[in-house]
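Here the structure comes first, spelled out in structure tokens, and everything after it is commentary.
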Amino acid sequence: MVNYSLNSEQRDEVPNTYGFFVSPNELETEESVKASVARRREQKWLDMFARWSSFIESRFDKVKTRCRKGIPPSVRGQGWYHLSAAKYRHENADRNCPTGSVFNLYLTQTPTLNVLEDIKKDLARSFPDHEMFRDNGCGQESLFDVLKAYAVHDPAVGYCQAQAPIAAILLMHLPPEQAFWVFVQINEEYVKGYFSDGLMAVKEDALATELLIQRVSQRGYRLLRKLDVDPILYTLDWYMTLFSRTYRAPQLFRIWDMFFCEGVKVLFRLALVILRETLDVGPPDIVTKAHKCDNAMDLIALIKQTAKSLPFDVLLIKMDKLPLTDIDLAQACGQARQQLNSDLNTTNNRKTSSRAQAKKHK
């Protein structure tokens, strides 16, 4: 989670457009859109919602272009609800539910005690400087409901700490029941396996990121290998929280607009651009500093610092221009999966051999 201060009340801060408490100076410098332009963009999205199937099937490029420009805040939640196909899944699930609401049915059930305790611990940590999630705010209750319902929905996953900021951001834009179904789609369609025991899906995507860096920045790749940087150390927080601990509103919401439209490749593109900018083609002072690092932890700290300091509009442009195709991504993920499975088999064989040796010497 972004480190918003817990003491905003003592510093005369006020909620901005997105509900986060900021200083009056920050409020004055926030980007604004002319009311007439905002209304026009909002109407375009409302028109799309009315003919959603048609747009998705025959005018998807138009949808993608509008997502890259940013969904208007007034309809952003509904945009995510439609783009993720949560609306379709929600309606189908409730149609087959005897009580008429799967979400409400889940709320009458109870996951394991450990899961409930873990959820409660994280409520106060999730965006405490947002007006919804201050101590005992309405957002905390809704966040508890969404996370509890998901733990009932998928007991094999239960609850993972990285899920809390994701659910909280959804609740900033949607009522709890709709937020829950978008959350289900994120977990089961967008980043399937990210929160499972062992984190194999995250490890796979981390390794795939390293393989792709080799493709788009040989110089950056050589530095990462020279310092023996494990890619999970810089990608874990980015991917598992969908960058919610790296960026704040409105930049984070723009990333999610594209993510819900184009999928996980948006996370890869953003990660690769950050790495290229830090290690290869970015501001000379940052690149020079990177190549002066003599250990992995210093370099990782610089990468994470650079992610927050690079101009966001520049990041978006470079993401769009990054020479990365869907085929490149699929190949890298397949290669990473194969390598991890091979490593796992080797480890298991070593364990089996060790047990056999131990039995011989009994």
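Here, each number is a calculation from the coordinates, and none is a lab measurement. None of the values given here were measured: they were computed from a predicted structure. Glycine also receives a Cβ, built like all others from the backbone with ideal geometry; neighbour counts cover every protein chain displayed.
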Could the peptides 108-120, 177-189 be put in order, highest first, of the mean number of other beta-carbon atoms found within 10 Å of their residues?
177-189, 108-120
Give the dimensionless ratio obtained when the Cα radius of gyration of the chain is divided by 2.2 N^0.38 Å.
1.07
Which of Lys192/Lys308; Lys148/Lys318; Lys44/Lys203; Lys64/Lys318; Lys87/Lys318 have a Cα-Cα distance over 28 Å?
Lys148/Lys318; Lys44/Lys203; Lys87/Lys318
Would you mind listing how long region 200-339 runs along its three principal axes, going by Cα atoms, in whole Å with the largest first?
39, 37, 25
Using packing as a proxy for protection, rank 233-242, 280-289 so that the peptide with the highest average count of other Cβ atoms within 10 Å comes first.
233-242, 280-289
Name every cysteine in the chain that ends up alone, with no second cysteine's Cβ under 4.7 Å, or say none.
Cys97, Cys138, Cys160, Cys293, Cys333
